[in-house]
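Here is the structure we will look at.
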Amino acid sequence: MLVTGDLFTHRSYPVIDESSGGSLRGMIEAVERLLPMIDADTVVVPGHGAITNRTGLATFLDMLRSIEGRILVLIETRREIPEITAARPTAEFDSVWGRGYVTGAHFTLCVAKT
């Protein structure tokens with residue numbers, strides 16, 4: 001069993017704790033370190049959402065990586081935060097991951113600010 005706390009939220013965008021130095025990059029790196037430690041039979045307990053397995057955690061990681069890549073491209077082209085938010089880099093994932101407390105727009109804003 002792997003208990004992830006708020007590092008992993010199953011089927012909702014996570015809250016990035018900026019006040020403690022949290023970042024999307026840090027979350028990605030933490031999940032990348034956890035995945036090799038578990039197998040397909042491992043029960044993964046998220047901080048929020050339903051209990052899942054390695055596949056659920058890997059899907060979360062893929063989503064985070066995709067959004068990070070999209071936002072980094074926008075930052076590298078010197079887009080301002082309102083432009084980054086308007087580009088909706090989370091749109092592909094919002095129907096699954098953006099239904100909770102943290103919307104796609106809110107998640108984008110948090111990531112772009114860190």
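The values are calculated or read from the model by the stated rules, or taken from the named source; none is laboratory data. Since the model is a prediction, treat every value here as computed from it, not as a measurement. Using ideal geometry, Cβ is built from the backbone for each residue, glycine included, and neighbour counts are taken over all protein chains shown.
The set of residues in the range 45-74 that are part of a helix (DSSP H, G or I), surrounded by 14 or more Cβ atoms within 10 Å (Cβ to Cβ) and more than 16 Å from the chain's Cα centre (by Cα) contains only Leu74.
Within the range 30-41, at least one residue is surrounded by 13 or more Cβ atoms within 10 Å (Cβ to Cβ), assigned to a helix (DSSP H, G or I), modelled with pLDDT of 95 or more and touching a Leu at 6+ places or on another chain (Cβ under 6 Å).
Of everything in the range 93-107 that is more than 12 Å from the chain's Cα centre (by Cα) and without any contact (Cβ under 8 Å) to a residue 60 or more places away in the chain, the residue that is surrounded by the most Cβ atoms within 10 Å (Cβ to Cβ) is Ala105.
Restrict the check to the range 89-104 and report whether at least one residue is out of contact with any Lys or Arg (no Cβ under 8 Å at 6 or more places or on another chain), on the phi < 0 side of the Ramachandran plot, among the hydrophobic types (A, V, I, L, M, F, W, C) and not in a loop (DSSP other than H, G, I, E, B). For the range 89-104, residues out of contact with any Lys or Arg (no Cβ under 8 Å at 6 or more places or on another chain), on the phi < 0 side of the Ramachandran plot, among the hydrophobic types (A, V, I, L, M, F, W, C) and not in a loop (DSSP other than H, G, I, E, B): absent.
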